[in-house]
């Protein structure tokens, strides 16, 4: 009689975070070609750990070789992003995007500016001095986010098992807000793989 009770209590005491899986995503275009720099986010039905969202990469958008590096940066909502200038010329960074309209006026080599992103969404960046410069900051409200590499692949680990929604965003996606969303079943453990095809402009 004691053994079943003990097992029941043990099941109750198992942390919810133990019931989590990994989602592997491969993103391709209409022709089956891999799509890099696609931002993949997952909204899990079960709440994740109650702690601030942090990613392993820095909240930094560098200006180097007359370009934004990285071209696409994922940051948690509420993050302050720094914009260090590593070029020999001055830059004037701006955005007219709805989630964040701002200007970082002229600053030169080894100088830096910063801005705090308070609203989720996609922020397109430009430079008033160099029209060829473009970049994107994807502000997210979920800890389950990553972007695809040169092979169109990414993995997101530690996602609570159960029903969820997966969203793929790309600046050239032919869809409302440049993103598509699908239902997703996340395993309680192990890995599930998804191949997602998006239409590009």
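The values are calculated or read from the model by the stated rules, or taken from the named source; none is laboratory data. Since the structure is predicted, the reported quantities are computational estimates derived from the model, not experimental observations. In this analysis, Cβ positions are derived from the backbone assuming ideal geometry, glycine residues included, and neighbour counts consider all displayed protein chains.
Which residues, taken from segment 1-22, are modelled with pLDDT under 90 and in contact with a strand residue (DSSP E or B) (Cβ under 9 Å, 6 or more places away or on another chain)?
Initially, segment 1-22 is screened for residues modelled with pLDDT under 90, giving 1-19.
Those that are modelled with pLDDT under 90 and in contact with a strand residue (DSSP E or B) (Cβ under 9 Å, 6 or more places away or on another chain): 16, 17, 19.
So residue 191 clears everything in (1) in contact with a strand residue (DSSP E or B) (Cβ under 9 Å, 6 or more places away or on another chain); (2) farther than 28 Å from residue 52 by Cβ; (3) in contact (Cβ under 8 Å) with a residue 60 or more places away in the chain except one condition, right? Which one?
For residue 191, the exception is condition (2).
Going residue by residue through segment 23-45, is there one that turns out to be assigned to a loop (DSSP other than H, G, I, E, B) and modelled with pLDDT under 90? Show your work before the answer.
Of segment 23-45, the ones assigned to a loop (DSSP other than H, G, I, E, B) are 29-33, 35-38, 45.
Those left that are additionally modelled with pLDDT under 90: 45.
Taking every residue of segment 23-45 in turn, at least one turns out to be assigned to a loop (DSSP other than H, G, I, E, B) and modelled with pLDDT under 90.
Please find, among 38, 44, the residue that is assigned by TED's automatic domain parsing to the domain that holds residue 165, within 17 Å of the chain's Cα centre (by Cα) and farther than 23 Å from residue 188 by Cα. Let's see the steps before the verdict.
Working: 44 fails: farther than 23 Å from residue 188 by Cα.
From the options 38, 44, the qualifying one is 38.
Matching residues to (1) within 19 Å of residue 99 (Cβ to Cβ); (2) more than 18 Å from the chain's Cα centre (by Cα); (3) outside any loop (DSSP other than H, G, I, E, B); (4) modelled with pLDDT of 95 or more:
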site	(1), (2), (3), (4)
122	yes, no, yes, yes
146	no, no, yes, yes
151	no, no, no, yes
156	no, no, yes, yes
167	yes, no, yes, yes
188	no, yes, no, no
196	no, no, yes, yes
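Which condition does residue 143 not pass, out of (1) in contact with a strand residue (DSSP E or B) (Cβ under 7 Å, 6 or more places away or on another chain); (2) under 25 Å from residue 77 (Cβ atoms), if it passes all the others?
For residue 143, the exception is condition (1).
Do we find a residue being touching a strand residue (DSSP E or B) at 6+ places or on another chain (Cβ under 7 Å), assigned by TED's automatic domain parsing to the domain that holds residue 129 and assigned to a loop (DSSP other than H, G, I, E, B) anywhere in segment 64-73? Outline the logic, then answer.
Within segment 64-73, the subset touching a strand residue (DSSP E or B) at 6+ places or on another chain (Cβ under 7 Å) is 68-69, 71-73.
Checking which are assigned by TED's automatic domain parsing to the domain that holds residue 129 leaves us with 68-69, 71-73.
Imposing the further condition that a residue be assigned to a loop (DSSP other than H, G, I, E, B) reduces the set to 71.
Yes, because at least one residue in segment 64-73 is touching a strand residue (DSSP E or B) at 6+ places or on another chain (Cβ under 7 Å), assigned by TED's automatic domain parsing to the domain that holds residue 129 and assigned to a loop (DSSP other than H, G, I, E, B).
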